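No value in this document is a laboratory result; all are computed from the given coordinates. Because the structure is a prediction, the values reported are computed rather than measured. So basically every Cβ, Gly included, is an ideal-geometry build from the backbone, and we count neighbours across all protein chains shown.
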Amino acid sequence: MSKKSQVSFVRPAEPAFLTKFKKDVGFKEGPNVDTKRQELPAPGDNSDDSDKEDEEPQIVVLKEGDLTAEEVKELKLQVKKDEKSDEIPPDGKILFRKPVKRSTEEQSSGLSSFSNKKKKQEEKKAKRDLVAANSTPKQVRNSNLLSFGDEEEEN
């Protein structure tokens, strides 16, 4: 056998003055390695996954198209079935799945990545471009000023 498996720890005897002091104070020994290795008994079925009937949210139907209590129950059952199908395979390998593509209706349901501020800035920019295209400013050239692009423009 190897030397590693033969290594063990032997706790030395506690000195007499420490045992007397602990006895006088009323010291209780805390958990040791062996007690920590023991599995604790389950204190009952405390599963937070399932909602109890009295803890479920109250369902109020205000207008047509709102979910009813029966529809919510059906959706919960579907979600539970989906969770079971997404379990980890027994061989422990990770499964990668392609994400479900959204339909064009979902994409154009009023959600956009632009804020109102950006929209207003784009509208102002478009108006300025229209005004600039309609009016042609007079081109004034002063030959005394330095210009680096004159050679390209003359050709």
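Computed from label points 7 Å out along Cα-Cβ, the spacing between Lys4 and Thr35 is 3.1 nm. Between the beta carbons of Leu62 and Lys98, assuming R0 = 41 Å, the FRET efficiency works out to 0.65 to the nearest 0.05. Simple spin-label estimate for Asp91 and Lys73 gives 4.1 nm between the two label positions (7 Å along the Cα-to-Cβ direction from each Cα).
Using 0.36 nm per residue and subtracting the Cα-Cα separation, the extra length available between Val131 and Asp54 on full extension is 21.2 nm.
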